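Read the structure below first, then the notes.
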Amino acid sequence: MNHVTGYARRIVHIYPLLLLLLCINSTHAAGAKWKIPKTEHAQPDLQGLWDTGTQTPFQRPASLGEQRAYSEQEAAEFENKAREANKKMDAPVDLSKGAPTVGGYVGQEADQGSIVRRHDLTRVNGEYRTSVIIDPPNGQMPTRKGFVDFFGQRTARGIGAHDGPDTMDASARCLTPLPVPTIYPMPWNAFLQIVQAKDHIVLFTEAPQEARIVRLNSVHRDRSMRFWMGDSIGYWEGNTLVVHTANFRPEQSFSFMMAMPEDLELTERFTRTSKDEIVYSFTIVDLKAFTSPFTGERTIKRADPRDRILEYACHEGNYSMQGILAGTRKHERDAAQKSKPESP
């Protein structure tokens, strides 16, 4: 009995000491500053598979004015609505649904259930952002009135968008819209793979599947040389990767999202702020298409270990283009037939 009592007394004395040690260790861990890991070339390590998906729109809804961020309650309501909308899109296809009308729109309901969608807003520095664009303060692209891009100029010369396969824009082939896909928020197919070498960094996106090769500590090629995705060079500014891209092809303009000329210049910044997060920002400068430069900012999260980049097949075999061109030719034949004078 005395042996048990002595053991209990020792436990009583040791237990507070253990608690104190645990508290000291926890405080030290919480106060320890996270350090950015470095690659074998002593560069900040940005490598891995990252998820750029978000429900935050590129431009702010006009009704929000200069409201830069949602409150906690507003953000929760927004995300709940997005979650419910995603549930409806994920629902099984109604097998009793009849065939579409002749010439009517055919949706992609059968594909919707296989898409992983995001319902969350971008949170930067604790703010639930109302748009990716943060400057100008209204969160809108400062589009210059009267700007006409490559395709608009061609239309003005009498060349139709559907005259032939070579007159259709890149999106008809499921190729790259926008200057680079990184800047535009995608609610699905939103993965970004970053690979680093000593003198180059590769930025590979899932949708569309494009690989940008960034040359470090280099200079741009001659302005007469134009490239899909532009010509990207980069350098390190402390722990931030700065990428400057210029020399775009004029055909890369995509009026549905952002009409642009070939002289557009894009500066991006990638700053890793934690083990699983990168703060990404960009500034676009082009005084032909925009009245002033504009800037966007958002976070990029590390992808779930189970996630993989898959083939972005888009429209398997490019049948969409064949259908569009065939439909246009039919409209032309019908119009020509109607214009013929009636036989006496």
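Scanning the range 81-106 for residues that are of a type outside the set (A, V, I, L, M, F, W, C) and loosely packed, with under 10 Cβ neighbours inside 10 Å turns up Lys88, Pro92, Asp94, Ser96, Lys97, Gly98, Thr101, Gly103, Gly104, Tyr105. For Glu297, the stated conditions hold: it is modelled with pLDDT of 90 or more and either exposed (fewer than 11 other Cβ atoms within 10 Å of the Cβ) or in a strand (DSSP E or B) (or both).
Taking the listed residues Asp231, Asp169, the one that is over 18 Å from Cys314 (Cβ atoms) and among the acidic types (Asp, Glu) is Asp231, with no other qualifying.
Check Pro92, Pro37 and return the single one that is within 28 Å of the chain's Cα centre (by Cα), over 30 Å from Met141 (Cα atoms) and at pLDDT below 80.
Pro92
Of the residues Gly53, Gly126, the single one that is in contact (Cβ under 8 Å) with a residue 40 or more places away in the chain, within 30 Å of Arg272 (Cβ to Cβ), out of contact with any Gly (no Cβ under 7 Å at 6 or more places or on another chain) and of a type in the set (Gly, Ala, Ser) is Gly53. Of everything listed in (1) surrounded by 11 or more Cβ atoms within 10 Å (Cβ to Cβ); (2) within 27 Å of Asp45 (Cβ to Cβ), the single unmet condition for Pro305 is (1).
Quick grid of which residues meet (1) within 26 Å of the chain's Cα centre (by Cα); (2) buried (at least 16 other Cβ atoms within 10 Å of the Cβ); (3) at pLDDT below 85; (4) among the polar types (S, T, N, Q):
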residue	(1), (2), (3), (4)
Ile115	yes, no, yes, no
His119	yes, yes, yes, no
Arg129	yes, yes, no, no
Val132	yes, yes, no, no
Pro136	yes, yes, no, no
Ile159	no, no, no, no
Gly164	no, no, no, no
Ala172	yes, yes, yes, no
Leu175	yes, yes, yes, no
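The listed residues are Thr267, Thr271, and the only one of them that is at pLDDT 95 or above and either more than 15 Å from Val124 (Cβ to Cβ) or not in a strand (DSSP E or B) (or both) turns out to be Thr267.
Scanning the range 45-63 for residues that are among the hydrophobic types (A, V, I, L, M, F, W, C), in contact with a strand residue (DSSP E or B) (Cβ under 9 Å, 6 or more places away or on another chain) and outside any loop (DSSP other than H, G, I, E, B) gives Leu49, Trp50. Restricting Leu287, Leu241, Leu264 to residues that are more than 26 Å from Leu49 (Cβ to Cβ), out of contact with any helix residue (DSSP H, G or I) (no Cβ under 7 Å at 6 or more places or on another chain), among the hydrophobic types (A, V, I, L, M, F, W, C) and surrounded by 17 or more Cβ atoms within 10 Å (Cβ to Cβ) narrows the list to Leu264. If you filter the range 188-238 down to residues that are surrounded by fewer than 17 Cβ atoms within 10 Å (Cβ to Cβ) and acidic (Asp, Glu), you find that the one that is farthest from Trp50 (Cα to Cα) is Asp222. Of everything in the range 177-230 that's modelled with pLDDT under 90 and among the polar types (S, T, N, Q), which residue is farthest from Gln59 (Cα to Cα)? Residue satisfying both the conditions and the ranking: Gln209.
Flag not set for Tyr105, criterion: at pLDDT 95 or above and aromatic (Phe, Trp, Tyr). Does the range 267-275 include one or more residues that are within 19 Å of Phe227 (Cβ to Cβ) and touching a residue at least 12 places away in the same chain (Cβ under 8 Å)? Yes - at least one qualifying residue is present in the range 267-275.
Checking every residue in the range 103-121 against the condition of being in a helix (DSSP H, G or I) and more than 27 Å from Thr205 (Cα to Cα) gives zero matches.
The values are calculated or read from the model by the stated rules, or taken from the named source; none is laboratory data. In this text the structure is predicted, and so the values were computed from the model without any measurement. Here Cβ is always computed from backbone atoms with ideal geometry, including for glycine, and neighbour counts include all displayed protein chains.
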